[in-house]
Amino acid sequence: MNKPQARTTPLFAITTPLYYVNDVPHIGSAYTTMVADAIARFHRLQGHDVLMITGTDEHGQKIQRSAEAKGVPPQEHCDAIAATFDALWDQLNIQYDRFSRTTAAKHHPIVKDFFQRVWDNGDIYLSKQQGWYCVSCEEFKDERELLEGHYCPIHSNKQVEWRDEDNYFFRLSQYQDQLKALYQERPDFIQPESRRNEVLNFVEKGLQDFSISRVNLDWGFPIPNDPKHTIYVWFDALLGYITALLDPDDDPTLDNALKKWWPINIHLIGKDILRFHAIYWPAMLMSAGLTPPEIVFGHGFLTKDGRKMGKTTGNTIDPVALVSRYGSDAVRYYFLKEIEFGQDGDFNETRFINVLNADLANDLGNLLNRTLGMTKKYCQAQIPAVSASDIPEDNPLKALGVELRDRVTQAYHQLNFSHACTDIFTLIQTCNKYIDEQAPWSLYKEKQQKQVEIVLYSVLESVRLSAYLLSPVIPNLSNKIYQQLGFDLDFNNSSQINHPDLFQHHAQWGILAAGQPVKKPKPIFAKLDPPTATAST
RNA sequence: GGCUCUGUAGCUCAGGGGUUAGAGCAGGGGACUCAUAAGCCUCGUGUCGUGUGUUCAAAUCACACCAGAGCCA
């Protein structure tokens with residue numbers, strides 16, 4: 001019955017950070033999550049067995065104090081904030097498989113199990129921690145990095161607090177050589193390369209043990225056998241990735257959590273939390289006898305109108321307002337296409353509108369619209385009776401179309417979404433040019449019906465393929481295109497699209513079936529008005 | 001203070017010792033009409049941050065400086 005079966009379907013697990021619930025989601029969290037969703041969707045499209053994890057990190061002093069300030073119990077505060085994340089993911093059409101909360105009941109036994117393993121390995125000891133502590137960072141700071149008057153350099157309105165307390169420490173210093181070996185053996189472990197260099201530099205200078213417990217703090221898990229101490233929020237938060245791997249009806253044990261999905265393939269993070277994921281985390285895992293994840297990718301930060309975002313300056317983007325106003329596909333497309341993934345990127349509303357109008361409304365939307373219009377007039381609203389083999393190899397659309405799958409697959413796998421989109425839009429732009437050159441309206445008047453059909457077929461097929469390959473980024477628009485082309489396929493329904501055979505078929509150029517009735521052309525993306533002077537996001 | 005990265009057309013960025021420096025967007029002009037006034041064609045003499053060097057030759061290398069960003073637990 002329980003014979004091990006050879007697995008033929010590739011497994012793919014990806015995480016966003018578990019976002020800290022001290023405040024409602026900001027645009028940076030939305031960005032990471034959109035990217036993770038697009039990656040997960042592309043793997044599902046290929047028929048892989050995918051687990052996309054997101055969630056919230058809910059312990060720590062900062063949360064405790066935020067709740068106190070609001071006069072509510074910490075759990076109530078966390079529930080309220082976690083719900084705002086979930087609502088935004090829904091709005092952005094994020095298809096996560098697990099929403100991992102560090103206050104979930106099953107998380108505690110996992111943390112205990114893990115702590116025990118590290119403890120048994122002799123990597124935890126009690127010592128003294130003295131220094132300046134920033135509650136907002138939940139980190140000890142070096143005296144010299146503080147601002148005048150003992151203010152935190154990151155939270156410049158918050159004074160750091162002097163702490164002199166017993167803490168449990170993790171023997172990070174023991175893992176310096178193993179970490180270096182890891183970075184050496186797996187050059188792709190930290191991406192992009194600039195981040196890897198940063199980590200290499202840091203480790204080269206020597207690693208010190210770090211404190212993994214706090215005293216005078218209730219909001220968190222107690223250290224086993226010494227409950228005066230509470231486990232440091234980061235130690236507990238990182239383990240949320242493992243808890244997320246449990247199936248809903250699994251007993252919450254480490255073994256159960258690790259049985260299928262470990263090691264995780266990609267941890268997608270912002271560059272601010274690189275150190276925790278690229279150094280602390282693999283060391284903790286090594287100590288517990290686990291394989292480190294495959295890739296930690298630290299992406300860049302977003303700026304608005306070229307300036308750093310910040311609540312104090314009021315220069316922020318509200319993701320909820322942005323999506324409410326423009327829709328999920330528009331927002332997803334802009335961030336994935338216009339920002340070179342890995343580097344910092346800028347949001348500017350005028351550019352946002354220009355790009356969406358040019359690409360989605362004009363180039364793609366209008367292309368479908370004009371071609372369907374002609375299909376209706378010249379071909380009785382049916383896919384023309386042409387087969388791909390009738391179309392000469394030097395047809396510009398066929399030439400691009402037949403190699404598009406491989407190019408785009410490679411781009412997605414390299415997490416180069418900008419290139420993936422650019423490659424697809426090259427085909428779309430070539431379609432528009434091809435129509436103008438061929439002028440099917442003239443061919444029709446000249447009674448060259450066969451040629452009209454070849455032109456329309458190759459354009460319709462190119463639009464279809466583009467929609468298919470863009471579906472991880474703009475699933476709703478891809479749905480509209482597929483529907484108008486006469487398909488009954490929902491890119492938001494993973495049980496429909498998550499089959500390797502489907503990918504083999506639909507990612508090819510030349511599969512449109514002759515005679516398939518197409519729907520009435522209807523604009524898929526309404527042009528956006530230029531921003532008004534008073535408009536704000 | 002130390003180290004790293006960035007500075008190229010109005011905007012976002014590619015290029016990276018060797019003919020007249022590129023793309024997309026925005027803007028000007030034109031022909032067409034199937035289409036969401038869309039698409040197509042066409043138009044860019046920009047101190048390639050500043051200065052000094054290396055070289056037959058520098059946006060491309062070196063050094064210094066200026067501006068912005070990041071890392072230095």
Problem set entry | Close pairs (8 angstrom Cβ cut-off, 6 or more residues apart or separate chains): assigned by TED's automatic domain parsing to the domain that holds A:K141 in segment A:162-190, part of a helix (DSSP H, G or I) and among the basic types (K, R) anywhere | A:Y183/A:R196; A:P187/A:R196; A:F189/A:R196; A:I190/A:R196
Exercise. How many residues does segment A:320-346 hold that are part of a loop (DSSP other than H, G, I, E, B) and under 18 Å from A:I474 (Cβ atoms)?
Worked result: 3
Seminar exercise, completed: Residues of segment A:50-104 being touching a strand residue (DSSP E or B) at 6+ places or on another chain (Cβ under 6 Å) and of a type in the set (S, T, Y), in sequence order, are A:T54, A:T56, A:Y96, A:S100, A:T102
Problem set entry | Subset of segment A:203-218 (residues that are under 12 Å from A:D166 (Cα atoms) and either modelled with pLDDT of 85 or more or not assigned by TED's automatic domain parsing to the domain that holds A:L172 (or both)) | A:S211, A:I212, A:S213, A:R214, A:V215
Exercise. Condition test on A:D79, is it out of contact with any Cys (no Cβ under 8 Å at 6 or more places or on another chain) and over 26 Å from A:P293 (Cβ atoms)?
Worked result: yes
Problem set entry | Candidate set: segment A:365-415, residues that are under 20 Å from A:W441 (Cα atoms) and either of a type in the set (V, I, T) or within 25 Å of the chain's Cα centre (by Cα) (or both); chosen: the one nearest to RNA strand B (Cβ to nearest atom) | A:T371
Problem set entry | Test result for A:E437, in contact (Cβ under 8 Å) with a residue 12 or more places away in the chain and among the acidic types (D, E) | no
Exercise. Does A:A288 fit the bill of being near RNA strand B (Cβ under 8 Å from one of its atoms), surrounded by fewer than 22 Cβ atoms within 10 Å (Cβ to Cβ) and of a type outside the set (S, T, Y)?
Worked result: no
Exercise. Can you find a residue in segment A:300-319 that is more than 10 Å from RNA strand B (Cβ to nearest atom), over 25 Å from A:L274 (Cα atoms) and in a helix (DSSP H, G or I)?
Worked result: no
Problem set entry | Residues within segment A:15-31 that are part of a strand (DSSP E or B) and in contact with a Pro (Cβ under 7 Å, 6 or more places away or on another chain), tallied | 1
For this session: Can you run down the residue pairs with Cβ atoms below 7 Å, 6 or more apart or on separate chains, where the first is in segment A:344-355 and within 16 Å of A:T316 (Cα to Cα) and within 8 Å of RNA strand B (Cβ to nearest atom) and the partner is outside any helix (DSSP H, G or I) and of a type in the set (S, T, N, Q)?
Result: A:D344/A:T303; A:D346/A:T303
Seminar exercise, completed: Of A:A288, A:A321, the only residue that is farther than 26 Å from A:Y412 by Cβ, modelled with pLDDT of 95 or more and either in the same structural domain as A:P472 (by TED's automatic domain parsing) or among the hydrophobic types (A, V, I, L, M, F, W, C) (or both) is A:A288
For this session: Count, please, the residues in segment A:424-436 that happen to be charged (D, E, K, R) and either buried (at least 20 other Cβ atoms within 10 Å of the Cβ) or out of contact with any helix residue (DSSP H, G or I) (no Cβ under 9 Å at 6 or more places or on another chain) (or both).
Result: 1
Problem set entry | Those residues of segment A:71-93 which are free of Cβ contacts under 8 Å to residues at least 24 places away in the same chain and of a type outside the set (A, V, I, L, M, F, W, C), in sequence order | A:G71, A:P73, A:E76, A:D79, A:D86, A:D90
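The values are calculated or read from the model by the stated rules, or taken from the named source; none is laboratory data. As the structure is a computational prediction, the values presented were derived from the model and not from experiment. Every residue, glycine among them, receives a Cβ derived from its backbone with ideal geometry; neighbour counts consider all protein chains shown.
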